[in-house]
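Heads up: the structure comes next, in structure tokens.
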Amino acid sequence: DYVVVKMIPDNRLPPRHLHSVHTGKTFAVIKWESPYDSPDQDMLYAVAVKDLVRKTDKIYKVKTRNSTVEYTIKKLEPGGKYHVIVQLGNMSKESSMKINTVPLSAPDALKIITENDHILLFWKSLALKESNFNESRGYEIHMFDSLMNITAYLGNTTENFFKVSNLKIGHNYSFTVQARCLYSGQMCGEPATLLYDELGAGEDSSAAKPGRSTDVAAIVVPVLFLLLVTLGIGFVVLYMRHRRLQNSFTAFANSHYSSRLGSAIFSSGDDLGDEDDEAPMITGFSDDVPMVIA
């Protein structure tokens with residue numbers, strides 16, 4: 001024996017099992033179940049999103065008959081904090097949760113270049129990989145002195161480098177660079193951290209080695225380029241001289257070539273001078289001497 005009992009739906013109950021499925025930089029996917037199983041009509045939900053940083057509210061309406069509801073909240077800000085409330089449109093009991101969106105990424109390729117009395121921090125532009133970042137927002141730089149156990153705010157910049165001076169010899173520092181924090185430091189990007197050991201006595205620290213190698217490269221590369229250019233010019237000059245000598249020799253050999261003998265005839269300067277002195281001057285030809293034309 002059995003009996004079927006149908007419960008009367010209670011629209012004053014809150015949505016069940018409200019939770020976050022996925023959270024990005026500018027959106028969040030939330031999911032919940034209806035106050036009771038298998039609704040027999042469309043149910044209107046009110047989704048209220050409270051921005052805990054900006055102190056603003058937005059309300060979205062969702063109408064569905066599904067027992068399980070999935071909804072995407074859009075137009076959020078990276079690194080933001082939100083309070084989400086879901087309830088039926090008749091202002092029944094509510095279900096709530098908090099959401100923190102993913103902050104902006106840390107800047108890439110943070111490195112240090114050491115100078116005589118200061119250091120320079122360099123990094124890649126965050127706009128190269130973050131479409132939600134505008135360079136006008138800028139970056140902020142912090143420094144931690146491990147010896148003094150003090151964290152200092154050094155300032156902010158819209159450039160991709162920052163100059164740091166007045167470092168103390170023998171102190172170890174940690175530098176962080178991140179997207180500038182908004183709304184009283186509540187919405188910040190992820191920090192990029194780099195260690196710097198100031199050893200003093202002219203010794204290089206491990207963090208400063210990339211900068212020093214860059215300085216060496218800046219000197220070696222132009223020198224190698226000049227050497228290559230010099231060698232190239234030298235090869236061209238030698239080649240031109242070789243061609244000129246070859247052409248001169250060819251012209252000289254052709255001027256002494258005898259078609260009768262089939263070879264070139266060369267004489268010393270002395271022999272040529274003697275022949276010129278001793279050979280009689282030819283003034284003409286006799287009629288009885290035959291002329292042979294080869």
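Just a few scattered comments:
- Residue ID - nearest to Arg54 (Cα to Cα), chosen from residues in region 161-181 that are assigned to a strand (DSSP E or B) and open to solvent by 40 Å² or more (accessible area, probe 1.4 Å): Phe161
- Looking only at region 134-160, and only at residues there that are part of a loop (DSSP other than H, G, I, E, B) and in contact with a strand residue (DSSP E or B) (Cβ under 6 Å, 6 or more places away or on another chain), the one that is most open to solvent (accessible area, probe 1.4 Å): Ser146
- Close pairs (6 angstrom Cβ cut-off, 6 or more residues apart or separate chains): farther than 12 Å from Trp123 by Cα and not assigned by the TED database to the domain that holds Asp117 in region 145-166, in a strand (DSSP E or B) and among the β-branched types (Val, Ile, Thr) anywhere: none
- Checked against (1) aliphatic (A, V, I, L, M); (2) over 27 Å from Asp108 (Cβ atoms); (3) at pLDDT below 85, Ala207 meets all criteria but (2).
- Put simply, of Val62, Val49, Val5 the only residue that is more than 25 Å from Asn132 (Cα to Cα) and not in a loop (DSSP other than H, G, I, E, B) is Val62.
- The number of residues in region 92-124 being part of a strand (DSSP E or B), in contact (Cβ under 8 Å) with a residue 60 or more places away in the chain and open to solvent by 60 Å² or more (accessible area, probe 1.4 Å) comes to 3.
The values are calculated or read from the model by the stated rules, or taken from the named source; none is laboratory data. Predicted model only: the values in this text are computed from it and were never measured. Cβ atoms come from the backbone with ideal geometry, glycine included; neighbour counts cover every protein chain shown. We work out accessible area using only protein heavy atoms, side chains counted, and drop any ligands, DNA or RNA first. Shrake-Rupley method; radii C 1.70, N 1.55, O 1.52, S 1.80 Å.
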